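What follows is a short report on a single structure.
The values are calculated or read from the model by the stated rules, or taken from the named source; none is laboratory data. As the structure is a computational prediction, the values presented were derived from the model and not from experiment. Here the Cβ positions follow ideal geometry from the backbone for every residue, glycine too, while neighbour counts run over all protein chains shown.
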Amino acid sequence: MTKKLPITLPFNFGGLEGRLSSFKNANFVILSVPYDLTASYGSGMRNGPLAIIEASTHMELYDEELRANTYEAGIHILPLLESTTLGPEEMIHRVHEASQYILKEKKIPVMLGGEHSITLGMVNALKKKYPNLSVLQFDAHADMRDSYQDNPFNHACVARRISKVCPLVQVGIRSLSAEEAKFLSQKSGKTQKPKSKITVSPPIMPQTCILALRLRRFAIN
């Protein structure tokens with residue numbers, strides 16, 4: 001009888017065994033994007049995907065809110081998406097193609113970044129499959145600049161680009177430029193200012209606004 005070796009958990013999300021982490025059986029597929037080329041204050045976001053995956057192997061897998069072993073839906077991790085120095089627009093394109101592949105395989109995509117700019121690639125792919133898509137953004141900064149450091153696809157512009165694709169709700173915004181404030185004031189959507197700022201661009205369903213208000217306490221320090 002062969003003795004089982006005392007090895008650590010598999011290096012995947014949650015440390016799941018083969019059946020639950022295989023691409024074929026998984027309902028959820030994680031796209032890891034270690035990219036932070038346009039970071040303007042501090043870099044290191046490229047280390048995010050591996051750090052999150054490593055930490056996930058130390059968490060409890062039981063979901064106490066749903067009272068279920070949600071991991072049994074299956075979670076597969078694709079190899080790290082290769083970064084490029086050609087600029088954020090090219091990286092966004094790569095994310096878009098990878099996201100389309102996941103959706104084509106009828107899986108639910110989950111992206112780990114990485115800086116904000118890559119979000120646009122996933123949003124563009126999801127919009128094609130879900131025409132009524134809307135985005136809920138938790139952030140301290142508006143990221144509504146039309147261009148930053150001579151590039152409209154900089155991380156500081158991602159919300160502006162997404163607002164051209166689908167409805168966008170921002171929760172937790174506490175810092176924005178004069179340019180961004182002017183842009184938001186000219187949008188047909190309305191800006192609400194409770195204890196925290198919530199900007200809506202363009203108009204969305206009231207139910208989404210209510211959800212954002214309920215969730216904001218988790219986004220504000």
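In region 46-70, which residues are farther than 20 Å from F11 by Cβ, among the hydrophobic types (A, V, I, L, M, F, W, C) and either surrounded by 11 or more Cβ atoms within 10 Å (Cβ to Cβ) or in contact (Cβ under 8 Å) with a residue 60 or more places away in the chain (or both)? Across region 46-70, the qualifying residue is only A68. Scanning region 1-59 for residues that are over 18 Å from H155 (Cβ atoms), touching an Asp or Glu at 6+ places or on another chain (Cβ under 8 Å) and either among the polar types (S, T, N, Q) or not in a loop (DSSP other than H, G, I, E, B) (or both) returns L20, V29. Considering only residues in region 154-184 that are assigned to a loop (DSSP other than H, G, I, E, B) and among the hydrophobic types (A, V, I, L, M, F, W, C), the one that is surrounded by the fewest Cβ atoms within 10 Å (Cβ to Cβ) turns out to be V165. Across region 81-99, the number of residues qualifying as of a type in the set (A, V, I, L, M, F, W, C) and either surrounded by fewer than 18 Cβ atoms within 10 Å (Cβ to Cβ) or more than 17 Å from the chain's Cα centre (by Cα) (or both) comes to 1. Quick check on my filter: what residues within region 105-145 are assigned by TED's automatic domain parsing to the domain that holds D36 and of a type in the set (D, E)? Matches in region 105-145: E105, E115.
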